[in-house]
Amino acid sequence: MEKYIKPLNKKKISFFNNINSQILILFGIITCVCLFSDLYFKNYSLTIPFIITTFVSSLITYIGIPILKTIKIQQIIREEGPKKHYIKQGTPTMGGIFFIPIAIIIANILYFKNQDYKIILTLSLLIISFMLIGLIDDLISLKKKFNTGLTSNQKLIFQFCISLIFIIFCASNNLLSSNIQIANRIVDIGNLLYPLGIFVLLAESNSTNLTDGLDGLLSGCSALIFTGLAITILVENQANAETLAPLCIVMAGSSMGFLVFNKHPAKLFMGDSGSLAIGASLGGIALISNNLWSLLVMGGVLAAESISVITQVGIFKISKKIKGKGHKLFLMTPIHHHFELKGNKETHIVTSFWLVTLLLIIINLVFITKP
């Protein structure tokens, strides 16, 4: 009897350790959530847009990879990163220019006649603008043949200017509310909405940028977070749910389609053109839907990546000033590299972060979101 059971167990183990199987499970989870949502919220349709966007994003990404190889748009691995990442040198990058516009185009086509189309158009311009910042950064990096393109200050200035324009426009068109929900409380922050909005967009876009360090990490997490945002907006029965929920789900589908080729070993990286755009879209949607707290909870992995970097730099500088020698809390930051240097497999770290994100989304929907 044992000789028949053991091979079965091995098959089960290999199934759940296989990254392709895990992506299939991830796709299945999001599809089931969309189906349930369509049945429960009968006035909305998420399943078809999600599947269409996933398929188109995957197809366009597949077509784009050989083009990037031909023109030699290849990733440059930073020397101070994990040594095992050197094998990724030369992998095509700037994949964001494929899957980000797909989501924007599909959202604009499907919901052009929607009464709140102005919201989609505004967010589309924000997302594309951040994608262009990332594209400039990627191109300069490739030209310099160095991992860094724009300087931190240059990137921050561009991000700040676009964020300021976005916040002013949204506030003047009554797309933002100064009554911010924090946990289960509503706080009127008045004019502090402007600096808060700018901070959210800068923090979110840079968090996603830092998270994009392992194959499939950001694309998988973002697909889940966008889905979580869509369901949160529908559960809250917001006035603009008919516009924002579908936009979230096409962003999820676009990320999912890209993940097919971004999984380990990645055939394509998204680059800053993808990571900055994802962060801007998450921040922009959360601001307009007044779901900043929910985004903070569901995007806990993104927050942890940023906090690990800030903490590492702070402790190193303070300890160096006091003791004359810098002390490190982590082996390397962002924190996913710490787990890598601890000896964990890249695929295990990625899927663990996906599971944590899924758990945080469930926590948000069960304990925080109010119907």
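Checked against (1) assigned to a helix (DSSP H, G or I); (2) within 30 Å of Phe330 (Cα to Cα); (3) not charged (D, E, K, R), Met94 meets all criteria but (1). Here Ser222 clears all of (1) touching an Asp or Glu at 6+ places or on another chain (Cβ under 9 Å); (2) under 20 Å from Leu287 (Cβ atoms); (3) of a type in the set (Ser, Thr, Tyr) except the condition numbered (1). Scanning for something surrounded by 22 or more Cβ atoms within 10 Å (Cβ to Cβ) and closer than 23 Å to Thr54 by Cα, does segment 148-156 turn up at least one residue? No: zero hits. Here the condition is being more than 19 Å from Gln22 (Cα to Cα), surrounded by 13 or more Cβ atoms within 10 Å (Cβ to Cβ) and of a type outside the set (Asp, Glu); of Asn364, Asn344, it holds for Asn364 alone. Residue count for segment 98-121, restricted to those that are free of Cβ contacts under 8 Å to residues at least 60 places away in the same chain, assigned to a helix (DSSP H, G or I) and surrounded by fewer than 18 Cβ atoms within 10 Å (Cβ to Cβ): 5.
Can you find even one residue in segment 112-133 that is farther than 30 Å from Ala239 by Cβ, out of contact with any Gly (no Cβ under 9 Å at 6 or more places or on another chain) and at pLDDT 90 or above? Yes: one or more hits. Hey, could you check segment 28-47 for residues that are out of contact with any Ser or Thr (no Cβ under 7 Å at 6 or more places or on another chain) and at pLDDT 95 or above and say which is nearest to Trp354 (Cα to Cα)? Looking at residues that are out of contact with any Ser or Thr (no Cβ under 7 Å at 6 or more places or on another chain) and at pLDDT 95 or above, I get Ile29. The residue that is nearest to Ala277 (Cα to Cα), among those in segment 140-154 that are in a helix (DSSP H, G or I) and touching a residue at least 24 places away in the same chain (Cβ under 8 Å), is Ser141. For Phe55, state whether it is farther than 16 Å from Ile278 by Cβ, assigned to a helix (DSSP H, G or I) and at pLDDT 95 or above. So Phe55 passes the test. Within segment 52-71, the set of residues being surrounded by 15 or more Cβ atoms within 10 Å (Cβ to Cβ), farther than 15 Å from Ile105 by Cα and of a type in the set (A, V, I, L, M, F, W, C) comprises Ile65, Leu68.
Of the residues Asn206, Asn179, only one is loosely packed, with under 14 Cβ neighbours inside 10 Å, touching a residue at least 24 places away in the same chain (Cβ under 8 Å) and either touching a strand residue (DSSP E or B) at 6+ places or on another chain (Cβ under 7 Å) or closer than 20 Å to Ile307 by Cβ (or both); which? Give the derivation first.
Working: Asn206 fails: loosely packed, with under 14 Cβ neighbours inside 10 Å.
Within the list Asn206, Asn179, the selection yields Asn179.
It is to be established whether one or more residues within segment 337-357 are modelled with pLDDT of 95 or more, under 18 Å from the mean Cα position of the chain (by Cα) and within 18 Å of Leu234 (Cα to Cα). No, segment 337-357 contains no residue that is modelled with pLDDT of 95 or more, under 18 Å from the mean Cα position of the chain (by Cα) and within 18 Å of Leu234 (Cα to Cα). Condition check for Phe258 on (1) surrounded by 19 or more Cβ atoms within 10 Å (Cβ to Cβ); (2) over 30 Å from Gln181 (Cβ atoms); (3) modelled with pLDDT under 95: one failure, at (3). When Ile13, Ile109, Ile73 are screened for being modelled with pLDDT under 85, over 17 Å from Asp138 (Cβ atoms) and of a type outside the set (D, E, K, R), only Ile13 passes.
With respect to (1) surrounded by 21 or more Cβ atoms within 10 Å (Cβ to Cβ); (2) farther than 30 Å from Gln181 by Cβ, the lone exception for Val313 is condition (1). Can you report the number of residues in segment 215-254 which are more than 18 Å from Cys170 (Cβ to Cβ), over 13 Å from the mean Cα position of the chain (by Cα), of a type outside the set (Asp, Glu) and not in a helix (DSSP H, G or I)? Number satisfying all stated conditions: 1.
The rows are residues; the columns are (1) closer than 25 Å to Pro334 by Cβ; (2) in a helix (DSSP H, G or I); (3) in contact with a helix residue (DSSP H, G or I) (Cβ under 8 Å, 6 or more places away or on another chain).
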residue	(1), (2), (3)
Asp137	yes, yes, yes
Gln159	yes, yes, yes
Ser163	yes, yes, yes
Leu175	no, no, yes
Leu192	no, yes, no
Asn206	yes, yes, yes
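Before we move on, is Ile285 crowded, with 20+ Cβ neighbours inside 10 Å and within 27 Å of Pro195 (Cβ to Cβ)? Taking the combined requirement at face value, the residue satisfies it. For segment 160-185, filtered to residues that are under 17 Å from Ser124 (Cβ atoms) and among the polar types (S, T, N, Q), the residue that is modelled with the highest pLDDT is Ser163.
The values are calculated or read from the model by the stated rules, or taken from the named source; none is laboratory data. What you are looking at is a predicted structure, and each value in this text was computed from that prediction instead of being measured. FYI the Cβ positions are ideal-geometry reconstructions off the backbone, even for glycines, and counts take in every protein chain you see.
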